[in-house]
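See below for the structure under consideration.
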C-alpha cells in the first residue's frame, strides 16, 4: 500500500484539531449572554438528561452487528445492566455485570446456525 | 438522638462524599476509553497509515468518533476543506454541551482552556448530571486528564501492537455503552420527569432511522428545538418545576 504523505497527515490532524477545539471552547465565551435568555435557563437543566439518553441509545445502536451472536449478546448485556441498575443502583455492579455478560456472550463458541 | 442534630458543615461533607463517588465511577470510563483507543489504533495501522497518526489524533483532537472518520478521510486523500467541514458536522453537538458544563469552576485560563479542549462526551455525561455529587474544579480536570490519557495511550498501544491484540478484548468496550445506559437511568430517576427521557429516546431512535450516519447531531439539535417549543408552550409549569428543584 502506498504511504500517505507525512505533511498532509499533520495538516489534516491540525485542521480537525482546530475545528474541534473551536466548537468546544467558543460557546463558553458567549455563554453569559445566552444564559440570560429566560427560555435557555429554563431548558438548561433538561439538556444533560436528554443528551445522556441520546448518547446511551447512540452507543447501543452504533455497535456493529456482524452476527446474531453479537446481537443477542448486546441485547442480553443491556437488559442485565438495566435490571441490575434498577434493582441495586450500584454503578460498578451494573457496568461490570453487563460487560462481563457481553464479553462472555460474544466469545463463547457456538455452532453457527 | 445524635442523628437528628445536624452539624452546619454536614451538607458540604455530604456532597464531598458524593463527588468522591462520582470520581470513582469516572475511572471506569478510563478503562472503557483505553479499550476503545486500542481498537482505534489497530484500525489506523490496518488502513496503512503510520502508527504516529493514531498518537497525533488521539492527543490533539480527542474526539473518538471523528478520529475514526478522519482515518478514513485521509486514506482517501480528502481535501483539507472537506476535513474541516466534516469535523464541523460531526462535532457541532459540543456547542450544546457548553450550556451545562461547569467550566467556571476552574481557576485560570489554562485550566479552563484545557477543560474545554477535553470536553468529550464521557466527561459531559458525567459532569452534567450528578446533582449534588457534580464534579468540578480539580476533580473534573483529573477526570478529563485521565480520559485523555486513556484514549491516547490506548491508541498508541493499538497502533504499535496491531494484530497482536486479541480480538476478544474489544468486547470490553461495552463498558462505555453500559455506563451511558446507567447514567441515563440515573438521570431519569433523579429528575422524576419521565417525559423528557421519553422525548429524547423517541428523537434518538427516529434520528437513527432517518439519518444513521449523522444521528447524534440530528438528535441533539432536534431535542434542543423540541425543548424550546415545549418550554414556550408550557413555560408556566416548567418554570414552577425548576424553581422547586433548585
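Rule-based calculations on the coordinates, nothing more; no lab input. Values in this document were obtained by computation on a predicted structure and should not be read as measured data. Every residue, glycine as well, gets a Cβ built from its backbone with ideal geometry; the counts of neighbours run over all protein chains shown.
Once you keep just the Cα pairs under 8 angstrom separated by 6 or more residues, what percentage relative contact order results for chain A?
Relative contact order, chain A: 17 percent.
Can you give the convex hull volume of the alpha carbon atoms of the protein assembly as shown per residue, in Å³?
164 Å³
Please report the relative contact order for chain B, taking Cα pairs under 8 Å with a sequence separation of at least 6, and give it as a percent rounded to a whole number.
32 percent
Based on DSSP H runs of at least 4 residues, each adding -39500 (n - 2.57), what is the mean residue ellipticity at 222 nm of chain B after dividing by all its residues, to the nearest 500 deg cm²/dmol?
Mean residue ellipticity, 222 nm, calculated: -25000 deg cm²/dmol.
Given R₀ = 45 Å, what would the calculated FRET efficiency be for residue A:6 paired with residue B:13, taking r from the Cβ atoms and rounding to 0.05?
0.25
Work out the P(r) tail for chain A: percent of alpha carbon pairs separated by more than 20 Å, whole number.
Cα-Cα pairs of chain A separated by over 20 Å account for 67 percent.
What's the whole-number percent of alpha carbon pairs in segment B:119-180 lying beyond 18 angstrom?
Tail of P(r) above 18 Å: 48 percent of Cα pairs.
Using Stokes-Einstein with the Kirkwood hydrodynamic radius over Cα pairs, what translational diffusion coefficient do you get for segment B:2-191 at 4 °C and a viscosity of 1.567 mPa s, in µm²/s rounded to a whole number?
72 µm²/s
Ranked highest first by the average count of other Cβ atoms within 10 Å around their residues, in what order do B:21-27, B:202-208 fall?
Answer by packing, highest mean first, reads B:202-208, B:21-27.
Using only DSSP helix segments of four residues or longer, with each worth -39500 (n - 2.57), what per-residue ellipticity at 222 nm results for chain A after dividing by its residue count and rounding to 500?
Computed ellipticity for chain A at 222 nm equals -27500 deg cm²/dmol.
Quick one: angle between helix B:80-91 and the longest Cα principal axis of chain B, in degrees between 0 and 90, rounded to 10, please.
Computed tilt is about 30 degrees.
For residue A:67 and residue B:205, FRET efficiency with R0 = 22 Å and r from the beta-carbon atoms, rounded to 0.05?
0.45
Sticking with the crude label model, points 7 Å out along Cα→Cβ, report the distance from residue B:89 to residue A:38 in nm, one decimal please.
Each label point lies 7 Å from its Cα, and together they span 3.9 nm.
Enter the angle in degrees (range 0 to 90, nearest 10) between the Cα long axis of helix A:68-88 and the first principal axis of the Cα atoms of chain A, meaning the one along which they spread out most.
That helix lies at roughly 70 degrees to the long axis.
So, by mean Cβ neighbours within 10 angstrom, what's the order for A:33-41, B:115-123, A:51-59 with the highest one leading?
Put in order of decreasing packing, that is A:51-59, B:115-123, A:33-41.
For the residue pair residue B:20 and residue B:221, what label-to-label distance in nm results when each label sits 7 Å from Cα along the Cα-to-beta-carbon direction?
4.5 nm
Could you tell me how many degrees, from 0 to 90 and to the nearest 10, lie between the Cα long axis of helix A:91-107 and the main elongation axis, the longest principal axis, of the Cα atoms of chain A?
60 degrees
Average partner chain C-beta neighbours within 10 Å, per residue of B:33-46?
0
Just grab the label-to-label distance for residue B:195 and residue B:65, each label 7 Å out from Cα along the Cβ direction, in nm (one decimal).
2.8 nm
Rounded to the nearest 0.05, what FRET efficiency do residue A:31 and residue B:167 give with R0 = 45 Å and r taken as the Cβ-Cβ distance? Could you check?
So the FRET efficiency works out to roughly 0.55.
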